[in-house]
Amino acid sequence: MELLRVDTIEAARDKLVNAMQEKKPNIVRLDLLKSLGHILAQDVIAKEPVPSFRRSTVDGYAVVSGNTTGALESLPVLLEMVEEVSMGHPSCCFVKTGTCGYVPTGGMIPEGADAMVMEEHCEIFDENHLAVYCPVAHGKDVVSQGEDIREGELVIKKGTRIRPQEIGVMASLGIMDVMVYEPWTITILSTGDELVHPSYQPAPGEIRDINSYSLSAQAETYGLKIQEVMVCKDDQETLKDKVSQFMRISDLVIISGGSSKGKKDATSQIIDEVTDGHTLIHGLALKPGKPSIFGYDQSTATLVAGLPGHPVAAMLVFDLLIIWLYKHITSQKDGHSLFARMTTNLAGAPGRTTCQLVRLIKKEQEYYAEPVHGKSGLITTLTRADGYLMIGQNQEGLKKDELVEVFYV
């Protein structure tokens, strides 16, 4: 099968979404602390307000703010002490005009009080009275009930990757288990007679395996679960057997290398056979990354992908299609990006979308995008880049100082 019928990135994404409409990740319930890094499978709606009572943000005295008007160092206001609130206990008294109550940071503010005076702005006058030396406004250093989270509020959206801060919010709401998407499992097969383990010293003509490691790390970064990683020789029957074997236990099977035209490159034929003829994508109108092949097997519900052997091209296609698809199906947000100005003119590739790596440079209050040039087989171009930009297939290129969107890698 020759790579002639190429798809745009947009068309390829549509094909993948249509083919995998029924391939929804399983939803599982996890203990809150075990949910870190997983993708939330349902919205979190607050069933109670946070905080559930009015709290003080300082150590000081709860007052009626109007009582402090005109208070000065030389002419303090005297207030009667009616209560000392203890942490973890409710307030029992009512603060009215002419009275006050001591409240520690985080403590419950008595009814009737509408502001706090910091302890350092007060002085005990006698056993029952407090001298206040500065005025305070209504609401000063007071957190109202539900000011952080209102009852019934949508607090965390479905599709959010759970970070420590999300765990903290859910703990504040008393949520102790969470519904999350079970990560897709992925097997990565790096192919080539020339590949050796990175710990080996390559002989002439051999190279260390890069893609097994870079793609595995990329998959884990986005929450996919590694099922198996191995290097396979360029033997069609052996590779086909391995692909078929791992299709039974993986949601994704990635074949890195063997997708370009060549006498030993049998990936396209293998994908066509193991998916019973359901090859979806025969190539991409993308530079780099044209020799990419995708197929979907309905019987095992497995997506099989043949990625370019060049590390940069493989990682970019993995990000643009596989990670994009996983994010789309699990309702995640698109990747982070920012806008920057081009440092130089940059030509596009006629008939193909160009994915250009760039380095970000900040000058004063603005970012500039400087192209990082290098062939797709040179892995160090990715380490020198902060992200990439896309030049449309119908664009001649970009001009110096033109504003472009840069996607982080």
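The values are calculated or read from the model by the stated rules, or taken from the named source; none is laboratory data. Keep in mind that this is a model prediction, so the values were computed, not measured. Quick reminder, even Gly has a Cβ in these numbers, built from the backbone with ideal geometry, and neighbours come from all protein chains shown. To get the accessible areas, we keep the full protein, side chains included, count just its heavy atoms, and leave off ligands, DNA and RNA. Shrake-Rupley method; radii C 1.70, N 1.55, O 1.52, S 1.80 Å.
Before moving on, here are some points about what is shown:
- Remark: the stretch 136-272 projects, on average over all directions, an area of 15.1 nm² (convex hull of Cα atoms).
- Here Asp276 sits with roughly 120 square angstrom of accessible surface, probe radius 1.4 Å.
- Sorted peptide list for 24-32, 386-394, criterion being average Cβ within 10 angstrom, highest first: 386-394, 24-32
- Given charges at beta-carbon only (K, R positive; D, E negative), |dipole| of the chain in Debye: 1940 debye
- Distance from the Cα centroid of the stretch 159-186 to that of the stretch 19-42 is 9 Å (rounded to whole angstrom).
- Residue order for Met87, Met116 - accessible surface, 1.4 angstrom probe, largest first: Met87, Met116
- At the residue level, Phe94 shows approximately 130 square angstrom of accessible surface with a 1.4 angstrom probe and all protein chains present.
- Whether the stretch 254-358 is rounded, prolate or oblate, judged on the alpha carbon gyration tensor where a/c under 1.5 counts as rounded: oblate
- Trypsin sites (Lys or Arg not before Pro) lying in DSSP loop within the stretch 214-314, provided at most 15 other Cβ fall within 10 Å: Lys233, Arg248, Lys261, Lys263, Lys264
- Accessible area of Lys363 in the full protein assembly, 1.4 Å probe (Å², nearest 10): 110 Å²
- Of the residues Ser256, Ser244, the one with the largest accessible area comes first in the ranking Ser244, Ser256, computed with a 1.4 Å probe on protein heavy atoms.
- His278-Ile207 pseudo-label distance in nm [points 7 Å out on the Cα-to-Cβ vector]: 3.3 nm
- Gain upon complete extension [Asp235, Gln165; 0.36 nm per residue less C-alpha separation]: 20.3 nm
- Peptides 176-188, 197-209 ordered by average Cβ neighbours within 10 Å, highest first: 176-188, 197-209
- Rg/Rh ratio calculated on Cα atoms of the chain (Kirkwood radius): 1.19
- Average projected area [Cα convex hull, the stretch 63-120], square nanometres: 3.8 nm²
- Relative contact order, whole percent, for the chain stands at 16, derived from Cα pairs under 8 Å and 6 or more residues apart.
- Near Pro49: Cβ cut-off under 10 Å, other residues only, Lys/Arg at +1 and Asp/Glu at -1. The net charge is -3.
- Mean Cα-pair separation over length for the stretch 173-232, i.e. relative contact order, pairs under 8 Å, 6 or more apart, %: 45 percent
- Most to least packed among 305-311, 95-101 [average Cβ atoms within 10 Å]: 305-311, 95-101
- Only helical runs count toward this figure. For the chain, summing -39,500 (n - 2.57) over DSSP H runs of n ≥ 4 and dividing by all residues gives -4500 deg cm²/dmol at 222 nm.
- Cross-link reach list, lysines versus Lys363, counting only Cα pairs under 29 Å and skipping chain neighbours closer than eight places: Lys333, Lys375, Lys399, Lys400
- Largest GNM mean-square fluctuation among Leu75, Leu284, Leu321, using the chain with Cα springs under 10 Å: Leu75.
- Considering only Glu364, Glu123, Glu83, the Gaussian network model of the chain with Cα springs below 10 Å gives its largest mean-square fluctuation to Glu364.
- Local net charge near Tyr367, Cβ-Cβ under 15 Å (Lys/Arg +1, Asp/Glu -1): -2
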